[in-house]
1. Using only alpha carbon pairs under 8 Å that are at least six residues apart, calculate the relative contact order of region 161-200 and give it in whole percent.
2. Report the trypsin sites (Lys or Arg not before Pro) located in region 38-89 that are in a DSSP loop and have at most 10 other Cβ atoms inside 10 Å of their Cβ, or state none.
3. Rounded to the nearest 20 debye, what is the charge dipole size of region 21-167 about its Cα centre when +1 sits on each Lys and Arg Cβ and -1 on each Asp and Glu Cβ?
4. What net charge is computed for the residues neighbouring V3, neighbours being all others with C-beta under 12 Å from the C-beta of V3, Lys and Arg scored +1, Asp and Glu -1?
5. What is the sum of charges, Lys and Arg at +1 and Asp and Glu at -1, for the other residues whose Cβ falls under 11 Å from the Cβ of I92?
6. Kindly identify region 177-306 as rounded, prolate or oblate by the Cα gyration tensor criterion: order the square roots of the eigenvalues as a ≥ b ≥ c, call it rounded if a/c is under 1.5, otherwise compare a/b with b/c, prolate if a/b is larger, else oblate.
7. Can you list the aspartates and glutamates whose alpha carbon is less than 16 Å from that of K224, not counting same-chain residues fewer than 8 positions off?
8. Given Cα pairs under 8 Å that are at least 6 residues apart, what percent is the relative contact order of region 178-275?
Amino acid sequence: MKVFVTKRLPQEGLEILTASGVCEVSMCDSDDTLTKAELLKRVDGVDGILCVPYDIIDSAVLDAAGPNLKMISCFSVGFDHLDLVEIKKRGIRVGHTPDILTDATAELTIALLLATSRRIPEGVEMVKKGEHGGSLWMCGYGLTGSTVGIIGLGRIGFAIAQRLMPFGVKRLLYSGRTVKAQAAEVNGEFVPLDTLASDSDFVIVTCPLTPETQGMCDKAFFSKMKNTAVFINSSRGAVVNQEDLYEVLSSGKIAAAGLDVTSPEPLPTNHPLLTLTNCVVLPHIGSATFSTRGAMAVLAARNLLAGLQGTHMPSELSF
Ligand code: NDP
Ligand code: DGY
(Lines give C-alpha, C1' and ligand atoms only; values in the text may rest on other atoms or scores of the structure.)
(Ligands and ions follow the chains in the order given, each with its own letter.)
Protein backbone atom coordinates (compact mmCIF):
# COMPACT_ATOMS: atom_id res chain seq x y z
CA MET A 1 0.00 0.00 0.00
CA LYS A 2 1.08 3.57 -0.58
CA VAL A 3 0.90 6.39 1.96
CA PHE A 4 1.68 10.07 1.68
CA VAL A 5 2.91 12.10 4.67
CA THR A 6 2.30 15.79 3.98
CA LYS A 7 5.00 17.25 6.24
CA ARG A 8 8.31 16.02 7.66
CA LEU A 9 7.36 13.66 10.50
CA PRO A 10 9.34 13.22 13.77
CA GLN A 11 11.66 10.23 13.34
CA GLU A 12 9.94 7.94 15.86
CA GLY A 13 6.73 8.02 13.81
CA LEU A 14 8.46 7.62 10.49
CA GLU A 15 10.38 4.57 11.75
CA ILE A 16 7.14 2.81 12.72
CA LEU A 17 5.79 3.32 9.20
CA THR A 18 8.95 2.30 7.35
CA ALA A 19 9.63 -0.73 9.58
CA SER A 20 6.06 -2.00 9.34
CA GLY A 21 6.43 -3.65 5.96
CA VAL A 22 2.83 -2.61 5.38
CA CYS A 23 3.30 0.46 3.25
CA GLU A 24 5.58 2.36 0.97
CA VAL A 25 6.04 5.84 2.44
CA SER A 26 6.33 8.99 0.43
CA MET A 27 6.92 12.06 2.59
CA CYS A 28 7.05 15.72 1.77
CA ASP A 29 10.62 16.37 2.86
CA SER A 30 9.96 19.92 3.95
CA ASP A 31 8.66 21.89 6.91
CA ASP A 32 6.61 24.12 4.64
CA THR A 33 2.88 23.63 4.16
CA LEU A 34 2.10 22.10 0.78
CA THR A 35 0.26 24.14 -1.81
CA LYS A 36 -3.11 22.72 -2.82
CA ALA A 37 -1.77 21.87 -6.28
CA GLU A 38 1.15 19.96 -4.79
CA LEU A 39 -1.12 18.15 -2.33
CA LEU A 40 -3.45 17.05 -5.15
CA LYS A 41 -0.49 15.75 -7.13
CA ARG A 42 1.17 13.89 -4.28
CA VAL A 43 -1.94 12.00 -3.05
CA ASP A 44 -2.62 10.40 -6.45
CA GLY A 45 -3.42 6.71 -5.91
CA VAL A 46 -2.54 6.52 -2.20
CA ASP A 47 -4.15 4.21 0.36
CA GLY A 48 -3.46 6.50 3.28
CA ILE A 49 -2.68 10.14 4.04
CA LEU A 50 -0.98 11.45 7.19
CA CYS A 51 -1.77 15.15 7.34
CA VAL A 52 -1.40 18.27 9.50
CA PRO A 53 -4.10 20.86 10.31
CA TYR A 54 -2.96 23.11 7.44
CA ASP A 55 -3.89 20.53 4.80
CA ILE A 56 -7.51 21.01 3.82
CA ILE A 57 -8.79 17.53 3.03
CA ASP A 58 -11.84 18.20 0.86
CA SER A 59 -13.53 16.38 -2.00
CA ALA A 60 -10.88 17.60 -4.45
CA VAL A 61 -8.17 15.87 -2.40
CA LEU A 62 -10.29 12.73 -1.95
CA ASP A 63 -10.96 12.63 -5.70
CA ALA A 64 -7.28 13.12 -6.46
CA ALA A 65 -6.37 10.24 -4.14
CA GLY A 66 -8.94 7.98 -5.77
CA PRO A 67 -10.74 4.81 -4.70
CA ASN A 68 -7.80 3.19 -2.85
CA LEU A 69 -7.89 5.80 -0.10
CA LYS A 70 -9.03 4.10 3.09
CA MET A 71 -7.37 6.03 5.90
CA ILE A 72 -6.65 9.63 6.92
CA SER A 73 -4.40 10.06 9.93
CA CYS A 74 -4.30 13.51 11.50
CA PHE A 75 -1.12 14.70 13.19
CA SER A 76 -3.42 16.73 15.48
CA VAL A 77 -6.39 16.35 17.79
CA GLY A 78 -8.29 19.02 15.82
CA PHE A 79 -10.05 17.80 12.68
CA ASP A 80 -11.73 20.97 11.39
CA HIS A 81 -9.57 20.72 8.27
CA LEU A 82 -11.41 17.58 7.15
CA ASP A 83 -14.63 17.42 5.13
CA LEU A 84 -16.13 14.67 7.28
CA VAL A 85 -19.31 14.42 5.23
CA GLU A 86 -17.38 13.53 2.08
CA ILE A 87 -14.99 11.29 4.00
CA LYS A 88 -17.85 9.34 5.58
CA LYS A 89 -19.62 8.96 2.24
CA ARG A 90 -16.52 7.22 0.91
CA GLY A 91 -16.13 4.93 3.93
CA ILE A 92 -12.71 6.32 4.83
CA ARG A 93 -11.53 5.94 8.45
CA VAL A 94 -9.94 8.80 10.38
CA GLY A 95 -7.44 8.83 13.25
CA HIS A 96 -6.29 11.75 15.42
CA THR A 97 -4.07 12.45 18.45
CA PRO A 98 -6.11 13.43 21.54
CA ASP A 99 -4.87 13.27 25.17
CA ILE A 100 -1.12 13.02 24.52
CA LEU A 101 -0.94 16.74 23.66
CA THR A 102 -3.27 17.94 26.41
CA ASP A 103 -0.59 18.73 29.01
CA ALA A 104 1.73 20.54 26.58
CA THR A 105 -1.14 22.64 25.22
CA ALA A 106 -2.45 23.48 28.68
CA GLU A 107 1.05 24.53 29.80
CA LEU A 108 1.50 26.76 26.76
CA THR A 109 -1.91 28.34 27.32
CA ILE A 110 -0.97 29.23 30.90
CA ALA A 111 2.35 30.64 29.66
CA LEU A 112 0.51 32.73 27.06
CA LEU A 113 -2.01 33.95 29.63
CA LEU A 114 0.73 35.10 32.01
CA ALA A 115 2.82 36.57 29.19
CA THR A 116 -0.21 38.58 28.05
CA SER A 117 -1.61 39.66 31.41
CA ARG A 118 1.80 40.55 32.87
CA ARG A 119 3.01 42.09 29.59
CA ILE A 120 6.15 39.94 29.41
CA PRO A 121 7.06 40.41 25.70
CA GLU A 122 6.57 44.18 26.09
CA GLY A 123 8.75 44.16 29.22
CA VAL A 124 11.55 42.32 27.42
CA GLU A 125 11.51 45.01 24.72
CA MET A 126 11.63 47.75 27.38
CA VAL A 127 14.80 46.26 28.85
CA LYS A 128 16.42 46.12 25.40
CA LYS A 129 15.55 49.79 24.87
CA GLY A 130 16.85 50.76 28.32
CA GLU A 131 13.48 52.18 29.34
CA HIS A 132 12.15 52.35 32.88
CA GLY A 133 9.10 54.05 34.42
CA GLY A 134 7.05 54.99 37.47
CA SER A 135 4.98 53.05 39.98
CA LEU A 136 2.20 52.14 37.55
CA TRP A 137 4.54 51.56 34.64
CA MET A 138 4.15 48.13 32.98
CA CYS A 139 1.36 47.09 35.36
CA GLY A 140 -0.90 44.26 34.30
CA TYR A 141 -3.54 41.97 35.77
CA GLY A 142 -3.04 39.09 38.24
CA LEU A 143 -4.80 35.76 38.57
CA THR A 144 -5.15 35.81 42.37
CA GLY A 145 -8.78 36.40 43.36
CA SER A 146 -9.86 36.58 39.72
CA THR A 147 -12.71 34.99 37.76
CA VAL A 148 -11.63 32.83 34.83
CA GLY A 149 -14.02 31.72 32.08
CA ILE A 150 -13.16 28.73 29.90
CA ILE A 151 -15.07 28.23 26.65
CA GLY A 152 -14.99 24.46 26.11
CA LEU A 153 -14.10 22.52 29.26
CA GLY A 154 -12.86 19.47 27.36
CA ARG A 155 -9.52 17.70 27.73
CA ILE A 156 -7.40 20.83 27.29
CA GLY A 157 -9.83 23.21 28.99
CA PHE A 158 -9.95 20.97 32.07
CA ALA A 159 -6.15 20.63 32.17
CA ILE A 160 -5.89 24.43 32.06
CA ALA A 161 -8.42 24.73 34.91
CA GLN A 162 -6.40 22.27 37.02
CA ARG A 163 -3.24 24.29 36.45
CA LEU A 164 -5.00 27.53 37.33
CA MET A 165 -6.23 26.37 40.76
CA PRO A 166 -2.92 26.92 42.62
CA PHE A 167 -2.87 30.53 41.36
CA GLY A 168 -5.75 31.36 43.73
CA VAL A 169 -8.45 31.90 41.12
CA LYS A 170 -11.69 32.75 42.96
CA ARG A 171 -14.31 31.58 40.43
CA LEU A 172 -13.96 29.20 37.50
CA LEU A 173 -16.74 29.54 34.93
CA TYR A 174 -17.17 27.44 31.82
CA SER A 175 -19.52 27.30 28.89
CA GLY A 176 -20.16 24.72 26.22
CA ARG A 177 -22.84 22.44 24.89
CA THR A 178 -23.06 20.16 27.93
CA VAL A 179 -22.46 20.25 31.69
CA LYS A 180 -19.28 18.39 32.62
CA ALA A 181 -19.28 16.11 35.70
CA GLN A 182 -15.49 16.59 35.98
CA ALA A 183 -16.02 20.34 36.49
CA ALA A 184 -16.71 19.73 40.20
CA GLU A 185 -13.01 18.87 40.64
CA VAL A 186 -12.07 22.44 39.69
CA ASN A 187 -15.16 24.09 41.22
CA GLY A 188 -16.33 24.91 37.71
CA GLU A 189 -19.69 26.66 37.27
CA PHE A 190 -21.55 26.05 34.00
CA VAL A 191 -22.84 29.40 32.72
CA PRO A 192 -24.26 30.82 29.48
CA LEU A 193 -21.68 32.33 27.14
CA ASP A 194 -22.92 35.89 27.86
CA THR A 195 -22.41 35.46 31.60
CA LEU A 196 -18.96 34.04 30.99
CA ALA A 197 -18.08 37.08 28.88
CA SER A 198 -19.43 39.63 31.35
CA ASP A 199 -18.15 38.08 34.60
CA SER A 200 -14.67 36.88 33.65
CA ASP A 201 -11.37 38.68 34.20
CA PHE A 202 -9.75 36.14 31.89
CA VAL A 203 -11.53 34.40 29.00
CA ILE A 204 -9.82 31.31 27.59
CA VAL A 205 -11.04 29.64 24.40
CA THR A 206 -10.38 25.89 24.13
CA CYS A 207 -13.34 24.62 22.09
CA PRO A 208 -12.99 23.09 18.61
CA LEU A 209 -13.64 25.04 15.41
CA THR A 210 -17.10 24.01 14.18
CA PRO A 211 -19.82 25.79 12.18
CA GLU A 212 -21.27 26.78 15.56
CA THR A 213 -18.05 28.24 16.98
CA GLN A 214 -16.76 29.93 13.80
CA GLY A 215 -16.59 33.69 14.48
CA MET A 216 -18.16 33.16 17.92
CA CYS A 217 -15.84 35.69 19.58
CA ASP A 218 -16.97 38.80 17.73
CA LYS A 219 -17.89 42.38 18.48
CA ALA A 220 -21.08 41.38 20.34
CA PHE A 221 -19.10 38.95 22.50
CA PHE A 222 -16.19 41.32 23.20
CA SER A 223 -18.56 44.18 24.02
CA LYS A 224 -19.87 42.16 26.98
CA MET A 225 -16.35 41.71 28.41
CA LYS A 226 -14.90 43.95 31.13
CA ASN A 227 -12.48 46.58 29.86
CA THR A 228 -9.89 45.13 32.25
CA ALA A 229 -10.34 41.61 30.89
CA VAL A 230 -7.77 39.50 29.07
CA PHE A 231 -8.75 37.23 26.15
CA ILE A 232 -6.75 34.07 25.34
CA ASN A 233 -7.28 31.75 22.36
CA SER A 234 -5.51 28.42 21.98
CA SER A 235 -8.17 26.64 19.91
CA ARG A 236 -8.38 27.74 16.28
CA GLY A 237 -8.00 31.24 14.81
CA ALA A 238 -11.34 31.23 13.01
CA VAL A 239 -13.26 31.07 16.30
CA VAL A 240 -12.37 34.75 16.58
CA ASN A 241 -13.41 37.64 14.35
CA GLN A 242 -9.97 39.24 14.13
CA GLU A 243 -11.20 42.60 12.77
CA ASP A 244 -13.49 42.92 15.80
CA LEU A 245 -10.68 41.85 18.10
CA TYR A 246 -8.39 44.51 16.65
CA GLU A 247 -11.07 47.14 17.23
CA VAL A 248 -11.70 46.26 20.89
CA LEU A 249 -7.98 45.99 21.64
CA SER A 250 -7.03 49.25 19.97
CA SER A 251 -9.92 51.16 21.54
CA GLY A 252 -9.24 49.76 25.02
CA LYS A 253 -12.62 48.01 25.18
CA ILE A 254 -10.75 44.98 26.51
CA ALA A 255 -7.30 45.02 28.11
CA ALA A 256 -5.28 42.50 26.12
CA ALA A 257 -5.31 39.34 24.05
CA GLY A 258 -2.99 36.36 23.70
CA LEU A 259 -3.39 34.20 20.60
CA ASP A 260 -1.62 30.93 19.91
CA VAL A 261 -3.76 30.52 16.83
CA THR A 262 -4.76 32.96 14.12
CA SER A 263 -6.41 33.00 10.75
CA PRO A 264 -4.47 32.58 8.55
CA GLU A 265 -1.29 30.98 9.88
CA PRO A 266 1.23 32.41 9.65
CA LEU A 267 -0.37 35.80 10.11
CA PRO A 268 0.91 38.25 7.45
CA THR A 269 3.68 40.32 9.04
CA ASN A 270 1.80 43.54 8.22
CA HIS A 271 -1.37 42.37 10.00
CA PRO A 272 -2.88 45.12 12.23
CA LEU A 273 -2.94 42.81 15.29
CA LEU A 274 0.86 42.69 15.16
CA THR A 275 1.06 46.47 15.62
CA LEU A 276 -0.58 46.32 19.05
CA THR A 277 1.45 46.12 22.26
CA ASN A 278 -1.56 44.58 24.06
CA CYS A 279 -1.74 41.60 21.71
CA VAL A 280 0.68 38.67 22.09
CA VAL A 281 0.67 36.37 19.06
CA LEU A 282 2.37 32.97 18.99
CA PRO A 283 2.84 30.68 15.96
CA HIS A 284 0.50 27.81 16.99
CA ILE A 285 2.94 26.08 19.35
CA GLY A 286 0.51 24.62 21.90
CA SER A 287 1.71 21.04 21.46
CA ALA A 288 5.29 21.94 20.56
CA THR A 289 7.42 20.04 23.05
CA PHE A 290 9.87 17.46 21.69
CA SER A 291 8.28 14.61 23.61
CA THR A 292 4.70 15.57 22.70
CA ARG A 293 5.42 15.92 19.00
CA GLY A 294 7.26 12.57 19.11
CA ALA A 295 4.29 10.91 20.83
CA MET A 296 1.92 12.47 18.29
CA ALA A 297 4.01 11.05 15.46
CA VAL A 298 3.95 7.57 17.01
CA LEU A 299 0.19 7.67 17.55
CA ALA A 300 -0.49 9.08 14.07
CA ALA A 301 1.68 6.31 12.55
CA ARG A 302 -0.07 3.57 14.56
CA ASN A 303 -3.46 4.97 13.63
CA LEU A 304 -2.44 5.00 9.98
CA LEU A 305 -1.24 1.39 9.99
CA ALA A 306 -4.41 0.20 11.73
CA GLY A 307 -6.56 2.01 9.19
CA LEU A 308 -4.64 0.47 6.31
CA GLN A 309 -4.88 -3.02 7.76
CA GLY A 310 -8.50 -2.71 8.86
CA THR A 311 -7.68 -3.41 12.50
CA HIS A 312 -8.48 -1.63 15.78
CA MET A 313 -7.16 1.92 15.74
CA PRO A 314 -5.57 3.33 18.93
CA SER A 315 -7.37 6.63 18.47
CA GLU A 316 -10.09 6.53 15.86
CA LEU A 317 -12.37 9.49 15.32
CA SER A 318 -16.02 8.50 15.41
CA PHE A 319 -18.18 10.66 13.19
P1 NDP B 1 -12.22 18.18 23.50
O2 NDP B 1 -13.15 17.61 22.50
O3 NDP B 1 -11.79 17.32 24.64
O4 NDP B 1 -12.81 19.50 24.13
C5 NDP B 1 -13.51 20.44 23.40
C6 NDP B 1 -14.56 21.05 24.30
O7 NDP B 1 -15.22 22.10 23.57
C8 NDP B 1 -15.62 20.08 24.76
O9 NDP B 1 -15.76 20.21 26.15
C10 NDP B 1 -16.89 20.56 24.06
O11 NDP B 1 -18.02 20.45 24.89
C12 NDP B 1 -16.60 22.03 23.85
N13 NDP B 1 -17.42 22.61 22.81
C14 NDP B 1 -17.89 22.04 21.67
N15 NDP B 1 -18.67 22.90 21.02
C16 NDP B 1 -18.72 24.03 21.76
C17 NDP B 1 -19.38 25.27 21.63
N18 NDP B 1 -20.17 25.50 20.60
N19 NDP B 1 -19.20 26.20 22.58
C20 NDP B 1 -18.41 25.96 23.64
N21 NDP B 1 -17.78 24.80 23.83
C22 NDP B 1 -17.92 23.84 22.91
O23 NDP B 1 -10.96 18.69 22.67
P24 NDP B 1 -9.49 19.05 23.20
O25 NDP B 1 -9.62 19.74 24.50
O26 NDP B 1 -8.62 17.88 23.09
O27 NDP B 1 -9.05 20.09 22.05
C28 NDP B 1 -9.80 21.26 21.84
C29 NDP B 1 -9.29 22.02 20.63
O30 NDP B 1 -8.06 22.63 20.91
C31 NDP B 1 -9.01 21.19 19.38
O32 NDP B 1 -10.19 20.93 18.65
C33 NDP B 1 -8.04 22.06 18.61
O34 NDP B 1 -8.75 22.90 17.74
C35 NDP B 1 -7.38 22.89 19.69
N36 NDP B 1 -5.96 22.55 19.90
C37 NDP B 1 -5.04 23.54 19.75
C38 NDP B 1 -3.71 23.29 19.99
C39 NDP B 1 -2.70 24.36 19.83
O40 NDP B 1 -1.57 24.05 19.49
N41 NDP B 1 -3.03 25.61 20.09
C42 NDP B 1 -3.24 21.95 20.37
C43 NDP B 1 -4.30 20.99 20.50
C44 NDP B 1 -5.61 21.30 20.28
P45 NDP B 1 -19.17 19.38 24.59
O46 NDP B 1 -18.55 18.09 25.01
O47 NDP B 1 -20.28 19.83 25.47
O48 NDP B 1 -19.47 19.45 23.13
C1 DGY C 1 -4.02 20.06 17.25
O2 DGY C 1 -3.59 18.97 17.65
O3 DGY C 1 -5.20 20.24 16.90
C4 DGY C 1 -3.05 21.20 17.22
O5 DGY C 1 -3.64 22.36 16.82
C6 DGY C 1 -1.84 20.89 16.43
O7 DGY C 1 -0.79 20.56 17.29
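The values are calculated or read from the model by the stated rules, or taken from the named source; none is laboratory data. Please read these numbers as outputs of a predicted model, since none were measured by experiment. Note: ideal-geometry Cβ built from the backbone for every residue, glycine included; neighbour counts use all protein chains shown. What goes into the accessible areas is simple: the full protein's heavy atoms, side chains included, and nothing from ligands, DNA or RNA. Shrake-Rupley method; radii C 1.70, N 1.55, O 1.52, S 1.80 Å.
1. 43
2. none
3. Around 480 debye, computed over region 21-167.
4. Residues close to V3 contribute a combined charge of +1.
5. Numbers: positive: K70, K88, K89, R90, R93; negative: D47, D83, E86.
Its environment carries a net charge of +2.
6. Oblate is the answer for region 177-306, as a/c is 1.5 or above yet b/c matches or exceeds a/b.
7. Hits, sequence-local ones excluded: D194, D199, D201, D244, E247.
8. 26
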